[in-house]
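The structure appears right after this line, and notes come after that.
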Amino acid sequence: MDHYSDRIGGIPVTECPVCAWPESEPYEVISRHATSEGLVTYSRCACGEVRVSILRYGAAETLRPGS
């Protein structure tokens with residue numbers, strides 16, 4: 001699960017559960033494309049963990065493969 005470590009402008013900042021790299025700063029963007037749900041971004045953390053982020057029209061969330 002995500003660990004809420006800080007808040008920026010009232011928005012929680014999450015960290016990678018493996019290495020604590022901030023999810024707001026992807027180490028490497030693998031793919032980014034628009035879908036009917038919003039903007040989907042596949043990124044890799046500094047430790048190699050893969051993240052899937054969905055910037056929905058009006059909200060944002062981060063998903064992890066297998067969760």
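Rule-based calculations on the coordinates, nothing more; no lab input. Not measured: the values here are computed from a predicted model.
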field: Gain on full stretching of the segment that runs from Val18 to Ile54 - 0.36 nm per residue minus C-alpha separation
entry: 10.9 nm
5 angstrom amide H check on Ser24, placed H, neighbours 5+ away: Thr14
query: If you stretched the chain out fully between Val29 and Ala46, how much longer would it get, using 0.36 nm times the residue separation minus the C-alpha to C-alpha distance?
result: 5.0 nm
